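Read through the structure below, which is laid out as structure tokens, and then see the notes.
Please treat every number below as a calculation from the coordinates, not as lab data. The model shown is predicted, which means the values in this text are computed figures rather than measured ones. We place every Cβ from the backbone using ideal geometry, glycine too, and count neighbours over all the protein chains shown.
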Amino acid sequence: MHGLQTFVLPTLFCIAALALTPEHAVAQDESTLITYELKGKPIIIPAPAAVSRNCAAQVELEYFQKNTVASVEGTVDNEMCAASSGTYVLSIRTKDDNNTLATQEFTETWARADDQSVSFKADYAIGDNVELVRVRLMKTTCTCAVE
């Protein structure tokens, strides 16, 4: 008897207990499709997606107020992998003339193809007649690219 294998397809059905042996499996294009032959008929399924792994990004930032904008610059780095990408949220807190605090959040993305730090610099509108209280980094993500 041939080996039994089960494949779960993204279209929410599965082909269970196909009698396929390894010699029946032919990789057509390892990055996109795998072709199996069963009784002379091809069965084509998507190849499994490449698995990525999480990493820990370190972000350094500096900020200051220029009239009605918060000027923010900094670097993103991680020591776990070279090619990587992710997101971070800048939380900008201001105070108006009545001492009322307001917070704005800006989601940003970053990516790198090598092991060099990523620099960023941007101005964020904070409004008229407000004082910049602080800029804080939140919700940092990092994913290593498949190598």
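Here the Karplus curve 6.51 cos²θ - 1.76 cosθ + 1.60, taken at θ = phi - 60°, turns the phi angles of the range 131-143 into couplings of 10, 6, 8, 6, 10, 10, 8, 9, 6, 7, 10, 8, 10 Hz, with x standing for Gly and Pro. If R0 equals 35 Å, the separation of the Cβ atoms of Asp115 and Arg136 corresponds to a calculated FRET efficiency of about 0.85. A cut-off under 12 angstrom between Cβ atoms defines the neighbours of Glu60, and their net charge, with Lys, Arg +1 and Asp, Glu -1, is -3. Taking amide H atoms as placed 1.01 Å from N in the peptide plane, the amide H of Asn78 lies under 5 Å from those of Gln58, each 5 or more residues away in sequence or on another chain. Subtracting the Cα-Cα distance of Asn99 and Gln65 from 0.36 nm times their residue separation leaves 10.5 nm of extension gain. With a cut-off of 12 Å between beta carbons, the residues surrounding Tyr124 carry a summed charge of -1, where Lys and Arg count +1 and Asp and Glu -1.
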